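What follows is a set of notes on a single structure, which appears directly below.
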Amino acid sequence: MGKSLKPASDSTEIEAFINQAKDLAVRDTGRGRLLFAMDATASRRPTWDHACQLQSEMFLASAESGQLLVQLCYYRGYREFHYTGWVDSAAALLDQMDAVSCLGGHTQIGRVLEHALRENSLHPLNAIVLVGDCCEEKIDPLCEMAGELGLHGTPIFSFHEGNDPNGRLLFEQLARLSGGAFARFDLKSASRLRELLGAAAVYATGGLAALERYAGKGNRQLLALTQQLRK
């Protein structure tokens, strides 16, 4: 009762904490953990098929900076939410994705973020990739969880498909509050999704410095991602 309470951290202190966490992004040297979360509802069937073909880019891009461990996480149908074990090869991840069929239902991004927080408490995550096209949930609770992930140094790479305004708003906020990065793509830009997945994997295994080297080969879109992560 007699102890004095310290004032709450101001925005400058919080920003400094997040920046420090980014500097320590790879907490298990050379062995990055990436949570690959995807919307598997019916509207995303065409892009899911493309993602199955492109997911190997994550492992190929990260090869120089360290070993990549990936856990697939997805939602679909009526409150179906699933996650797999951790895999360290493109073939194993492809087997897991090929076993999934898209099924109509509402978004469950909140369950993805709740799972990410639990997983992060067991084995720190170096990055989260979230791929989706819309949001049918209340945004504020999702933003709060994204902020908590940011304080733990776990950025969200939120890749938004299409033009849904609510979805775009949420994906931008999740990236900003977690200290991550946001980018758009569509079915016509499969090569862009390939590059984005590769960039997230490079960050997960080597941190910001590795991503800057990867993007420094002349890819202006990836350089834009590094600028977001530096904010």
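The values are calculated or read from the model by the stated rules, or taken from the named source; none is laboratory data. Quantities reported herein were computed from a predicted structural model and do not represent experimental measurements. Counting neighbours? That spans all protein chains shown, and the Cβs are built from the backbone with ideal geometry, glycine included. Accessible surface is based on the protein model in full, side chains and every heavy atom, while ligands, DNA and RNA are left aside. Shrake-Rupley method; radii C 1.70, N 1.55, O 1.52, S 1.80 Å.
General remarks:
- Kirkwood's formula applied to the C-alpha pairs of the stretch 115-231 gives a hydrodynamic radius of 14.3 angstrom.
- Residues of the stretch 73-87 with amide N under 20 Å of a point placed 7 Å along Cα→Cβ from ARG31: 84-87
- If you bin all the Cα-Cα distances of the stretch 48-182 at 5 Å, starting from zero, the percentages per bin are 2, 10, 19, 23, 23, 17, 6, 1, 0.
- Going by accessible surface with a 1.4 Å probe and the largest first, LYS188, LYS138 read LYS188, LYS138.
- Protein-only accessible surface order, largest first, of TYR78, TYR214 at 1.4 Å: TYR78, TYR214
- Rounded to the nearest 10 square angstrom, ARG33 shows an accessible area of 40 square angstrom against a 1.4 Å probe.
- Full extension of the segment from LYS188 to GLU144, taken as 0.36 nm per residue of separation minus the current Cα-Cα distance, would add 12.6 nm.
- Per-residue SASA entry for ASP88, accessible area with 1.4 Å probe, Å² rounded to 10: 90 Å²
- Counting only protein heavy atoms and a probe of 1.4 Å, the accessible surface of the stretch 130-229 is 49% carbon and sulfur.
- Above 17 Å, the calculated P(r) of the stretch 169-231 contains 38 percent of its Cα-Cα pairs.
- Derived scalar couplings ³J(HN,Hα) [the stretch 200-216; Karplus, 6.51 cos²θ - 1.76 cosθ + 1.60; whole Hz; x for Gly, Pro]: 5, 5, 4, 5, 5, 9, x, x, 5, 4, 5, 5, 5, 5, 5, 6, x
- Once the chain from ALA42 to ARG79 is taken as fully extended at 0.36 nm per residue, the excess over their C-alpha distance is 12.0 nm.
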